[in-house]
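Below is one structure, written out as structure tokens; the observations come after it.
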Amino acid sequence: MNTTIGSEDNAAAIETAAIEGRSLWDDAIARLLRNKAAVASMIILGLLVLIAIVGPYIWPHSHETIYRERVWIAPTLEHLHIFGTDAQGRDLFARTLIGLRVSLMVGVVASMVSLAIGVFWGATAGFIGGRVDQVMMRIVDVLYSLPFIFFVIILMVVFGRNIILIFVAIGAVEWLTMARIVRGQTIAIKNMEFVEAAEAAGVSRLDTIRRHIIPNVLGPVIVYVTLTIPVVILAESFLSFLGLGVQEPLTSLGRLIAYGAQDMQIATWTLIAPAATMMLTLFCFNFIGDGVRDAIDPKDR
Amino acid sequence: MFGYIARRILIAIPTLLVIITVAFFMMRAAPGGPFDLERPMPEEVRQNILEHFGFDRPLHEQYTAYLAGLAQADLGPSLRFRDKTVSDIISEGFPVSATIGGLSILLALFVGSILGSLAALRQNKLTDFAVMGFAMGGITIPPFVSGPILALVFGLYLGLLPTGGLDPRFGMTPERLVLPVITLALPQIAIVSRLMRASMIEVLRSNYIRTARAKGLSGPAVLFRHALRAAILPLVSYIGPASAALVTGSIVIEQVFQLPGIGRQFVMAALQRDYTVVMGVVILYASLIIFLNLLADLVYAALNPRVTFE
């Protein structure tokens with residue numbers, strides 16, 4: 001239960017634990033690997049990540065090249081347009097690869113932003129407790145019920161469609177649940193003996209939070225992060241679908257789906273290719289998230 | 001109880017004020033204004049327009065003037081549509097959005113609780129797996145994917161339903177509402193059936209259900225008279241978050257099916273810097289969501305005798 005993980009100081013502790021027997025984390029990993037849906041999803045997702053990173057370098061077409069004479073070509077092996085071409089004669093496979101890359105990047109980076117804010121907020125509220133805790137969590141409660149996407153839309157309009165801003169804006173919206181989870185864990189942990197020991201040894205509050213509380217909150221946080229990634233990818237595609245996401249010639253799956261929805265009467269494949277890619281990605285993340293949750297069940301802790 | 005309601009409303013007022021303030025200053029921080037046309041207008045005309053709307057005054061004065069207007073329920077004129085006030089625009093679009101949103105949540109609660117109960121009653125059997133698989137799909141597939149695909153299949157391939165747009169001549173006819181409502185409801189059906197399954201499984205294990213069975217009540221009687229009542233409680237508290245999700249969803253749905261609702265007007269207004277319309281919609285939706293959350297809490301307390309108002 002008290003196995004700490006995450007800071008270098010504890011690396012030695014983990015190693016001895018591995019020699020002595022199965023740690024909590026070994027059990028969790030074993031459980032995760034027994035989950036067939038999760039393992040299959042990890043393999044597929046791994047392949048998707050690989051082709052999103054490497055694909056654009058080795059694919060013969062660039063996502064920017066316009067072939068004027070090849071507008072709206074249905075998927076064909078001729079000229080290697082395996083997903084067909086779009087309204088301007090750009091290769092749809094190359095564009096889907098770039099879109100997938102952007103979506104995955106947003107998913108990971110924005111989740112990290114929400115992780116950072118949520119962990120900081122929740123750990124502080126839970127650790128300090130009392131009035132501060134009440135006020136901080138009351139703010140979370142109030143924010144919880146608001147249509148935050150409206151503020152993101154205003155933000156995108158106000159500050160221009162900048163990819164860094166998309167990361168920050170979406171991350172800043174998705175941290176609330178994380179803060180709640182971390183606070184709950186923190187309150188449970190802060191009364192344990194090792195925290196008392198740290199206090200007795202004269203460790204400062206900030207260091208206690210950083211070195212002793214946060215590493216122990218990790219389990220539920222990992223679960224929630226894996227479940228946040230698909231939510232964030234959806235939020236970005238939502239913005240892109242409305243035309244508020246990344247700017248041309250860069251593209252994202254949401255933007256491609258928006259174009260596809262426009263052109264679906266003439267060229268069905270322009271909708272199906274990005275929509276199928278997006279659904280496959282989201283299914284993978286959701287199955288992995290469910291698998292991780294079942295493996296590190298927060299209820300057991 | 002009235003004290004509780006009063007307290008909730010008292011909390012809601014500063015919340016709304018913060019939202020209004022943030023939205024107001026964010027919108028004004030934007031480069032470009034509502035009167036930046038493709039063709040620049042003469043400077044004098046521009047000055048006159050700015051003066052007319054009070055944009056020549058300092059920002060804090062505009063802010064207090066806006067708040068003063070709000071206190072009298074005046075959302076101001078639209079900056080883009082010269083002959084319309086914000087209230088006009090909202091009262092045109094809101095019925096469309098409210099109809100679709102309301103029908104969706106009803107559909108989601110109805111279908112979702114049936115599916116969830118079925119899955120709970122047949123736990124770990126084929127029905128359960130089918131429902132949970134469907135729920136996974138509903139949560140994973142966003143409305144902007146399912147919408148176009150449904151329109152493609154039912155509108156284009158099968159020719160059963162119109163693909164989009166509410167014709168102003170015929171208004172909201174049922175067959176034009178079917179696809180938007182279903183698309184908006186799908187993710188909610190998925191979430192509701194997951195919630196319902198979990199709570200039903202828990203309720204069915206409880207002692208009083210065993211007692212009801214032991215005293216010889218029939219299966220349906222146990223289910224409808226005893227289990228369903230208790231199992232439905234978590235759904236009530238989900239109405240608050242659901243309303244926020246529906247508001248977000250409606251923006252996309254209105255775009256996909258070209259419905260003249262409020263979400264579409266919001267995106268258009270934000271892109272055109274129509275400050276007053278953006279503010280009006282934000283205020284409307286924020287108050288609506290706060291109100292629905294309060295309502296959900298009250299209904300929850302009314303249904304659950306264990307809850308008392310502190």
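Which of B:Leu121, B:Leu160, B:Leu67 moves the most in a Gaussian network model of chain B with Cα springs under 10 Å? Among B:Leu121, B:Leu160, B:Leu67, the largest GNM mean-square fluctuation belongs to B:Leu160. For chain B, what does the helix formula give at 222 nm: sum of -39500 (n - 2.57) over DSSP H segments with n ≥ 4, over the residue count, nearest 500 deg cm²/dmol? Using -39500 (n - 2.57) per qualifying helix, the result is -23500 deg cm²/dmol. Among B:Pro187, B:Pro95, B:Pro174, which one moves the most in a GNM of chain B with springs linking Cα atoms closer than 10 Å? Highest fluctuation of the listed residues: B:Pro174.
Peptide B:289-301 has a mean of 1 when you count, residue by residue, the C-beta atoms of other protein chains within 10 Å of its C-beta.
Taking one quarter of the surface of the C-alpha convex hull of chain B gives a mean projected area of 21.3 nm².
Close amide H partners of A:Met192, meaning residues 5 or more places away or on another chain with modelled amide H under 5 Å apart, do not exist here. Note that the stretch A:228-268 presents 27 Å² accessible area per residue, ligands and nucleic acids not counted, probe 1.4 Å. Shown in residue order for the stretch B:287-302 are the 3J(HN,Hα) couplings computed by the Karplus curve 6.51 cos²θ - 1.76 cosθ + 1.60 at θ = phi - 60°: 5, 4, 5, 4, 5, 5, 5, 4, 4, 4, 5, 5, 4, 4, 5, 5 Hz (x for Gly and Pro). For the stretch B:170-257, the list of chymotrypsin sites (Phe, Trp or Tyr not before Pro) that fall in a loop by DSSP and count at most 13 other C-beta atoms within 10 angstrom reads B:Phe170. An ellipsoid equivalent to the stretch B:153-284, defined through the eigenvalues of its Cα gyration tensor, has semi-axes of 41, 21, 11 Å when rounded to whole angstrom and sorted largest first. Testing the spin-label approximation: label points 7 Å from Cα along Cα→Cβ at A:Val108 and B:Phe25. State their distance in nm. Here the answer is 3.6 nm between the modelled labels. Taking amide hydrogens as placed 1.01 Å from N in the peptide plane, the amide H of B:Thr85 sits under 5 Å from those of B:Ser78, each at least 5 positions away in sequence or on another chain.
Counts of other chain beta carbons within 10 angstrom of each beta carbon in peptide B:144-155 average 5. Quick one: helix B:43-53 against the long Cα principal axis of chain B, what's the angle to the nearest 10°, folded into 0 to 90? Roughly 50 degrees between the two axes. Among the protein heavy atoms of the stretch B:230-298, carbon and sulfur supply 70% of the accessible surface, probe 1.4 Å, non-protein parts ignored. The P(r) of chain A has a tail past 27 Å containing 52 percent of all C-alpha pairs. Springs between Cα atoms under 10 Å define the GNM used for chain B, and in it the highest mean-square fluctuation of B:Leu156, B:Leu107, B:Leu75 occurs at B:Leu156.
Working from label points 7 Å from Cα in the Cα-to-Cβ sense, the B:Val299 to A:Ile163 distance is 4.4 nm. Rounded to the nearest Hz, the phi-derived 3J(HN,Hα) couplings of the stretch B:93-101 under the Karplus curve 6.51 cos²θ - 1.76 cosθ + 1.60 (θ = phi - 60°) are x, 4, x, 5, 4, 5, 4, 5, x, where x marks glycine and proline. Taking Cα centroids, how far is the stretch A:199-260 from the stretch B:184-244 in Å? Using only Cα atoms to place each centre, the spacing works out to 33 Å. How tilted is helix A:163-173 with respect to the longest principal axis of chain A? Cα atoms for both, answer in degrees (0 to 90, nearest 10). Compared with the principal axis, the helix lies near 50 degrees.
Above 30 angstrom, tally the Cα pairs of the protein assembly as shown and express them as a % of all pairs, no decimals. Here the tail beyond 30 Å accounts for 61 percent of pairs. Using the Karplus relation 6.51 cos²θ - 1.76 cosθ + 1.60 with θ = phi - 60°, the per-residue 3J(HN,Hα) values for the stretch A:255-264 come to 5, 5, 5, 4, 4, x, 5, 5, 9, 5 Hz, with x marking Gly and Pro.
Mind checking the full-extension length gain between A:Glu248 and A:Gln262? Use 0.36 nm per residue of separation minus the Cα-Cα distance, one decimal, nm. Could you put the intermediate results ahead of the total?
On the way: separation 14, 0.36 × 14 = 5.04 nm, distance 1.68 nm.
Fully extending the segment from A:Glu248 to A:Gln262 adds 3.4 nm.
Placing dummy labels 7 Å off each Cα toward the beta-carbon, the span from B:His60 to A:Arg131 is 2.8 nm.
Using 1/(1 + (r/R0)^6) with R0 = 51 angstrom and r between the beta carbons of B:Ala71 and B:Phe134, what's the FRET efficiency to the nearest 0.05?
0.60
Between the helical axis of B:2-28 and the longest alpha-carbon principal axis of chain B there is an angle of about 40 degrees.
The values are calculated or read from the model by the stated rules, or taken from the named source; none is laboratory data. In this text, all values refer to a predicted model and were calculated from it rather than measured experimentally. A quick note on method: Cβ atoms are made from the backbone with ideal geometry, for glycine too, and the neighbour counts reach across all protein chains shown. SASA here: full protein model, heavy atoms, side chains in, ligands and nucleic acids out. Shrake-Rupley method; radii C 1.70, N 1.55, O 1.52, S 1.80 Å.
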